[in-house]
Every structure is written in C-alpha cells, then in structure tokens.
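The values are calculated or read from the model by the stated rules, or taken from the named source; none is laboratory data. Note that the coordinates shown come from a computational prediction; the quantities given were computed from them, not determined experimentally. Glycine gets a Cβ as well: all are built from the backbone with ideal geometry, and neighbour counts include every protein chain shown.
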Amino acid sequence: MSARFELFLSLSAELTAFTRFDLLGTGLAELYFATLEKVVGQTITDRLLGAFEGLPPSPAQERVRALRLAILGDELLGDVARALIKLWYSGTWFQLPTDWSERFGPHPNDTTFVVSPEAYVEGLLWKAIGAHPAGAKAPGYGSWKLPPSIPPIPA
C-alpha cells in the first residue's frame, strides 16, 4: 500500500470512528480513495492528507480538537471531509455545497452518485445501527420479529 493510501485509511478511521480493519473489510477503501481523488483532485486530496499528517499524535483529546480545527473547521477541507464521512457511511458521494464550489471552483465530477452497488450494502451505517441493508444481507427467516441489537460504542 502506498503512503498516501495508508494516510487515507488512518484519516478515514478517525473520521468514521471505525477501525482500519473494519474499513478494509468493506472491500471499498481503494475505491473510496480513488473516488475522493476523482471528485476533488489530487491537490485537495493531498492538502487533506497533509493536514491530517500534521495533527499532534496524542493525547486523544488534543488530537480530536486538532482534527476538528485543522480539517473539519477548515473552509476548504471541512466539506470534503464531511463528504468522505458520508461516503463511508452511505456508499454515496454527496455533491459538495454550492458555496464551496463557488469559493474553490467547480469540479466536473462533483455530483451526487452511488459509488458502486457494493457501496450501499457495505455502508458503515448498517453496522453502526446494528441493522442489515434493505434488500441485501438478509439476517434470516423470522429475524424481523426481534428488535435490532445495537452494539455498544467502544470507549
């Protein structure tokens, strides 16, 4: 794996609160990295990865605060990072806000689209809520009669 892809995985893990193992387990990490670059371009992707790489290593509270300020609070990177979070959870790239495009220029590939059929099925949303995607990964006959089991959030 390239260093850029490794950074992308680490950034995605911190943004989604899922482990690198979980993200790789979707089978979509490389596609999502390619999608990010296809939509916003290599320059913005590199700025996002560079900002992430520049965060303090610890303690955790400081790192979370720095992530919020340096990436989520940044006028260029914030909307891109939020779109990346939505991509991991839903399998859909949601078009960046109009004001972002007006400020930083239009990107021809920045439209709302489902990345692949597998992206919907492997969305982190389903794991986060302890449910199965409608029409896929059926839990078994009669399982609908039981309430969903929501796993505890790790501390």
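Among the residues of the stretch 92-102, is there at least one that is over 18 Å from I44 (Cβ atoms), surrounded by 14 or more Cβ atoms within 10 Å (Cβ to Cβ) and touching a Ser or Thr at 6+ places or on another chain (Cβ under 7 Å)? Checked the stretch 92-102: at least one residue is over 18 Å from I44 (Cβ atoms), surrounded by 14 or more Cβ atoms within 10 Å (Cβ to Cβ) and touching a Ser or Thr at 6+ places or on another chain (Cβ under 7 Å). For the stretch 103-138, give me the residue count where each residue is among the basic types (K, R) and under 20 Å from A17 (Cα atoms). Selection size over the stretch 103-138: 1.
Every residue, every condition in (1) of a type in the set (G, A, S); (2) within 21 Å of F8 (Cβ to Cβ); (3) modelled with pLDDT of 95 or more, yes or no:
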site: I85; (1), (2), (3): no, yes, yes
site: W88; (1), (2), (3): no, yes, yes
site: G91; (1), (2), (3): yes, yes, yes
site: F94; (1), (2), (3): no, yes, yes
site: E102; (1), (2), (3): no, no, yes
site: P106; (1), (2), (3): no, no, no
site: A138; (1), (2), (3): yes, no, no
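Residue count for the stretch 78-99 under the criterion of being touching a residue at least 60 places away in the same chain (Cβ under 8 Å) and over 13 Å from the mean Cα position of the chain (by Cα): the result is 0.
Scanning the stretch 85-133 for residues being more than 24 Å from I150 (Cα to Cα) and either outside any helix (DSSP H, G or I) or aliphatic (A, V, I, L, M) (or both) gives a total of 17.
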